[in-house]
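The structure appears right after this line, and notes come after that.
The values are calculated or read from the model by the stated rules, or taken from the named source; none is laboratory data. Keep in mind the model is a prediction, meaning the values are calculated, not measured. Cβ: placed from backbone, ideal geometry, glycine included. Neighbour counts: every protein chain shown.
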Amino acid sequence: MPLPKNRIIPEKKVYFHPEILHCPDCGIKLKRHHTAWKKNISTLQGVIQVWNMAYFCPSEACGPLRRYFRSAQADALCMKHTSYGFDVLALVGDLRFKQHKTIGEITEALNERGVATSERNSMRLYERYLVLLRASVTDHTRIQLEKVVQENKGIMLSMDGVQPEKGNETLYVVREVFSGTILAAKNLKSGSASELMALLQPVKDMNFPVIGLVSDGQQSIRIAMETMWPNSPYQYCQYHYLKDIAKPVVDIDRKLKTGIKKTLRGIREIEKVVEKDTSDEAEIAKDYLAAVRSILLEDGNPPLDLPGIRIYENAQAVQKSLENCLSKKRASSPEKG
């Protein structure tokens with residue numbers, strides 16, 4: 001039976017002990033009593049099995065009340081009821097909000113980093129990241145937003161929804177654009193304008209001047225935001241706008257990429273010919289074949305970085321270099337009589 005995608009297997013055991021060695025009241029050396037908790041934790045440096053050992057003061061002078069001391073460092077490795085480190089959660093937030101990755105792309109990126117997960121589990125990690133952000137929305141956030149208002153005469157709000165799989169609830173996130181601060185986040189079943197307005201109400205109650213609204217093309221989001229702030233200018237997200245208008249170009253570029261790769265896949269026959277040849281010419285040919293192989297692995301980030309155009313330009317560069325190499329060889333070869 002295959003293991004679940006998010007099953008994590010520890011690579012080593014790490015034991016943690018209290019940071020203090022003596023009782024803070026009587027000064028007697030603490031003694032080990034039991035294991036406070038143990039669990040496997042997946043971090044960006046690998047999977048570890050963490051044992052957090054509980055200690056107590058054996059002195060009767062401290063009275064019958066027993067207090068247990070454990071490692072604060074171990075408790076700071078991950079959130080309660082989860083097996084993923086805070087560094088993993090931070091990476092999830094970075095992938096989503098700075099690199100605009102989807103849940104599927106986040107899952108792929110985590111697995112490439114050695115963090116075993118599935119799309120459903122990645123969504124849970126994303127939700128936990130947002131829980132941390134919501135916990136930080138305190139006076140510190142208000143002070144941060146006040147600085148944004150001083151610098152920009154107001155705040156700019158964006159709203160986006162993420163749905164990991166069809167049929168699941170959609171996670172809606174409200175963000176302040178200038179600072180990147182998450183102001184609200186909630187799973188919603190329908191995403192109607194009335195539900196979104198309820199999500200936006202605590203943001204409106206903060207009473208900061210809103211100088212702009214940004215979202216994708218979802219009508220209910222636009223209606224909710226424009227209803228809450230009718231006098232604030234609204235803008236369609238530039239990323240989504242560019243992605244939509246570039247779709248025909250991206251489709252053509254995809255065909256170009258496919259066509260070029262088809263013409264380059266015949267290199268396997270050439271590789272077989274020079275595989276066992278150790279001459280200088282064969283070694284040069286092998287270098288060019290390796291360059292062509294690397295071109296086949298090229299990829300871009302549409303719409304601004306088109307993979308088809310990138311492959312075409314790199315193939316042109318290899319072809320030009322090869323032509324120059326051949327012309328130099330012909331020039332240096334003695335003429336036949």
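State which residue pairs qualify: first residue more than 28 Å from Ile103 (Cβ to Cβ) and inside segment 129-149, second residue modelled with pLDDT of 80 or more and part of a helix (DSSP H, G or I) in any location, beta carbons under 6 Å apart, and separation of 6 or more residues or different chains.
Every condition considered, no pair remains.
Which members of segment 170-180 meet the condition of being modelled with pLDDT under 85 and crowded, with 18+ Cβ neighbours inside 10 Å?
Listed by number, the list holds a single entry, Leu171.
Restricting to segment 11-32, name every residue that is crowded, with 16+ Cβ neighbours inside 10 Å and either more than 30 Å from Leu110 (Cβ to Cβ) or modelled with pLDDT under 90 (or both).
Matches in segment 11-32: His17, Pro18, Cys23, Leu30.
Return a yes/no flag: does segment 240-252 have any residue that is touching a helix residue (DSSP H, G or I) at 6+ places or on another chain (Cβ under 9 Å), part of a loop (DSSP other than H, G, I, E, B) and exposed (fewer than 15 other Cβ atoms within 10 Å of the Cβ).
Checked against the condition, which is being touching a helix residue (DSSP H, G or I) at 6+ places or on another chain (Cβ under 9 Å), part of a loop (DSSP other than H, G, I, E, B) and exposed (fewer than 15 other Cβ atoms within 10 Å of the Cβ), segment 240-252 yields no hits at all.
Pick from segment 87-96 the residues that are out of contact with any Leu (no Cβ under 7 Å at 6 or more places or on another chain) and buried (at least 17 other Cβ atoms within 10 Å of the Cβ): which of them is nearest to Leu125 (Cα to Cα)? Lay out the reasoning, then the answer.
Taking segment 87-96 first, the residues out of contact with any Leu (no Cβ under 7 Å at 6 or more places or on another chain) are 90, 93-96.
Cutting the leftovers down to buried (at least 17 other Cβ atoms within 10 Å of the Cβ) gives us 93, 95-96.
Working: Gly93: 9, Leu95: 12, Arg96: 11 Å.
By that ranking, first place goes to Gly93.
Can you list residue pairs whose Cβ atoms sit under 6 Å apart, with the first residue in segment 46-61 being outside the structural domain of Gln73 (by TED's automatic domain parsing) and the second being surrounded by fewer than 18 Cβ atoms within 10 Å (Cβ to Cβ) and of a type in the set (Asp, Glu)? Count only pairs 6 or more apart in sequence or on different chains.
Listed by first residue and then by second, the contacts come to nothing, as the list is empty.
Mind checking which residues of segment 195-223 are in contact with a helix residue (DSSP H, G or I) (Cβ under 8 Å, 6 or more places away or on another chain) and either of a type in the set (Ser, Thr, Tyr) or in a strand (DSSP E or B) (or both)?
Of everything in segment 195-223, those that are in contact with a helix residue (DSSP H, G or I) (Cβ under 8 Å, 6 or more places away or on another chain) and either of a type in the set (Ser, Thr, Tyr) or in a strand (DSSP E or B) (or both) turn out to be Ile211, Leu213, Ser215, Ser220.
Can you confirm whether segment 291-299 contains a residue that is hydroxyl-bearing (Ser, Thr, Tyr) and within 30 Å of Asp244 (Cβ to Cβ)?
So far as segment 291-299 goes, no, none of its residues is hydroxyl-bearing (Ser, Thr, Tyr) and within 30 Å of Asp244 (Cβ to Cβ).
Being among the polar types (S, T, N, Q), closer than 15 Å to Leu183 by Cβ and over 21 Å from the mean Cα position of the chain (by Cα) is the filter; apply it to segment 139-169 and report the residue that is modelled with the lowest pLDDT.
Narrowing segment 139-169 to residues among the polar types (S, T, N, Q): 141, 144, 150, 152, 158, 163, 168.
From the residues that got through so far, the ones that are closer than 15 Å to Leu183 by Cβ too are 141, 144, 158.
Of the ones still in play, those that are also over 21 Å from the mean Cα position of the chain (by Cα) are 141, 144.
Values: Thr141: 75, Gln144: 83.
Ranking the qualifying residues of segment 139-169, first place goes to Thr141.
Any residue in segment 97-120 that is buried (at least 16 other Cβ atoms within 10 Å of the Cβ), touching an Asp or Glu at 6+ places or on another chain (Cβ under 6 Å), over 14 Å from Gly180 (Cα atoms) and at pLDDT 90 or above?
Scanning segment 97-120, I find at least one residue that is buried (at least 16 other Cβ atoms within 10 Å of the Cβ), touching an Asp or Glu at 6+ places or on another chain (Cβ under 6 Å), over 14 Å from Gly180 (Cα atoms) and at pLDDT 90 or above, so the answer is yes.
Please verify whether Asn40 is surrounded by 14 or more Cβ atoms within 10 Å (Cβ to Cβ) and part of a strand (DSSP E or B), treating the condition exactly as stated.
yes
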